[in-house]
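The values are calculated or read from the model by the stated rules, or taken from the named source; none is laboratory data. Model, not experiment: these values are computed from the prediction. With ideal geometry, Cβ positions are generated from the backbone for all residues, glycine too; neighbour counts draw on all protein chains shown. To get the accessible areas, we keep the full protein, side chains included, count just its heavy atoms, and leave off ligands, DNA and RNA. Shrake-Rupley method; radii C 1.70, N 1.55, O 1.52, S 1.80 Å.
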Amino acid sequence: MQRCTCGILAVCLLLLAGASSAVQYMVGESLRVTATSAILREDPWQGSRVLATLDEYDHLVFLGEYTVEPTTVTLRGQRVTAPFLQVRTNSGLVGWIFGGLVDIDDDTSLLRGKVRLVGEGATRAQVTELYGRDQVLHDRRMTSTRTRELLDRLGTDEAWEFYYFREGEGVAFGFVDNRVAAVSVRQDVTNDDGEVTTFWRSVAGYLSRPLRPECHQIPSPASCFDYLR
């Protein structure tokens with residue numbers, strides 16, 4: 001398979017299927033895995049020896065080489081065409097990853113982009129397509145206090161929760177008649193003793209501004225007058 005190498009200061013234009021314009025990766029660019037899991041291979045083709053299985057949000061560095069001939073694979077039910085990219089993991093492992101499984105790491109949460117795409121009225125299949133199948137099920141048959149509090153918040157009898165370990169964030173979808181009826185975003189804060197406090201917010205609140213734990217107190221300070229929970 002033919003490869004292309006970018007100069008140290010050059011920009012590689014990687015034309016990804018479905019994109020309206022080229023995605024630009026510079027040598028040394030920080031990337032993040034955007035799929036629930038991704039395979040790092042020894043060589044740039046499907047079937048090459050597996051070096052590692054990467055998780056969503058794992059950090060990678062683009063090393064400047066990519067395949068000239070793109071590869072087409074099926075991801076979450078859709079055909080995606082992209083080149084293989086040579087990358088380095090945080091542990092120093094160098095290998096090749098399919099370009100449709102990564103994106104530029106702009107130091108923002110990938111969850112922030114996802115919650116804009118699936119909301120009230122979405123089907124279970126649409127949620128699964130975007131978030132995968134690694135969810136925690138909550139329903140009224142369970143006796144857990146946490147489950148009951150979450151379902152009360154959503155106002156439903158069943159919910160799926162997806163948890164993202166990067167920055168302690170997650171999202172929960174409440175279902176009625178197999179469609180999303182409510183969505184809440186989870187944000188965890190860990191103190192110096194390792195104790196975790198969970199805050200649930202509306203999608204609008206989560207997207208509007210960073211978490212302010214003091215604004216979740218009752219009563220909240222006067223400075224929280226324009227803060228959306």
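Of the residues Val73, Val94, only one is of a type in the set (Val, Ile, Thr) and either over 30 Å from Trp160 (Cα atoms) or open to solvent by 70 Å² or more (accessible area, probe 1.4 Å) (or both); which? Write out each step before concluding.
Working: Val73 fails: either over 30 Å from Trp160 (Cα atoms) or open to solvent by 70 Å² or more (accessible area, probe 1.4 Å) (or both).
Unique residue meeting the criteria: Val94.
Yes or no, residue by residue, for (1) in contact with a helix residue (DSSP H, G or I) (Cβ under 8 Å, 6 or more places away or on another chain); (2) hydrophobic (A, V, I, L, M, F, W, C); (3) within 29 Å of Val127 (Cα to Cα); (4) in contact (Cβ under 8 Å) with a residue 40 or more places away in the chain:
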residue	(1), (2), (3), (4)
Arg32	yes, no, yes, yes
Ile39	no, yes, yes, yes
Arg49	no, no, no, no
Thr71	no, no, yes, no
Leu75	yes, yes, yes, yes
Leu85	yes, yes, yes, yes
Asn90	no, no, no, no
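I'd like to verify a number: residues in the range 55-70 that are open to solvent by 20 Å² or more (accessible area, probe 1.4 Å) and assigned to a loop (DSSP other than H, G, I, E, B), how many?
To start, the set of residues in the range 55-70 that are open to solvent by 20 Å² or more (accessible area, probe 1.4 Å) comprises 55-56, 58-59, 61, 63, 65-66, 68-70.
When the remaining residues are screened for being assigned to a loop (DSSP other than H, G, I, E, B), the result is 56, 58, 68-70.
So the answer is 5.
Please enumerate the residues belonging to the range 118-133 that are surrounded by 11 or more Cβ atoms within 10 Å (Cβ to Cβ) and not aromatic (Phe, Trp, Tyr). Explain how you work it out, then say what you get.
We begin by selecting, within the range 118-133, every residue surrounded by 11 or more Cβ atoms within 10 Å (Cβ to Cβ); these are 118-120, 122-124, 126-132.
Answer for the range 118-133, where residues must be surrounded by 11 or more Cβ atoms within 10 Å (Cβ to Cβ) and not aromatic (Phe, Trp, Tyr): Val118, Gly119, Glu120, Ala122, Thr123, Arg124, Gln126, Val127, Thr128, Glu129, Leu130, Gly132.
Just the residues that are surrounded by fewer than 15 Cβ atoms within 10 Å (Cβ to Cβ) and closer than 27 Å to Val180 by Cβ, please, taken from the range 97-117.
Hits for the range 97-117 are Thr108, Arg112, Gly113, Arg116, Leu117.
With respect to Val87, determine if the residue is within 29 Å of Val185 (Cβ to Cβ), at pLDDT 85 or above and touching a Phe, Trp or Tyr at 6+ places or on another chain (Cβ under 8 Å). Talk me through it step by step, then tell me what you get.
On the way: within 29 Å of Val185 (Cβ to Cβ): no; at pLDDT 85 or above: yes; touching a Phe, Trp or Tyr at 6+ places or on another chain (Cβ under 8 Å): yes.
When the stated conditions are applied, Val87 does not pass them.
For the range 76-90, which residues satisfy the criterion of being closer than 15 Å to Ala35 by Cα, part of a strand (DSSP E or B) and open to solvent by 70 Å² or more (accessible area, probe 1.4 Å)?
Gln78, Arg79
Restricted to the range 177-202, and to residues that are out of contact with any helix residue (DSSP H, G or I) (no Cβ under 6 Å at 6 or more places or on another chain), at pLDDT 95 or above and of a type in the set (A, V, I, L, M), which residue is surrounded by the fewest Cβ atoms within 10 Å (Cβ to Cβ)?
Of everything passing the filter in the range 177-202, Ala181 is surrounded by the fewest Cβ atoms within 10 Å (Cβ to Cβ).
Does the range 145-158 contain at least one residue that is outside any helix (DSSP H, G or I), open to solvent by 80 Å² or more (accessible area, probe 1.4 Å), of a type outside the set (Lys, Arg) and modelled with pLDDT under 95?
Residues of the range 145-158 that are outside any helix (DSSP H, G or I), as a first pass: 155-158.
With the extra rule that they be open to solvent by 80 Å² or more (accessible area, probe 1.4 Å), the set shrinks to 157.
Checking the rest, the ones that are also of a type outside the set (Lys, Arg) come to 157.
Those left that are additionally modelled with pLDDT under 95: none.
No, that holds for no residue.
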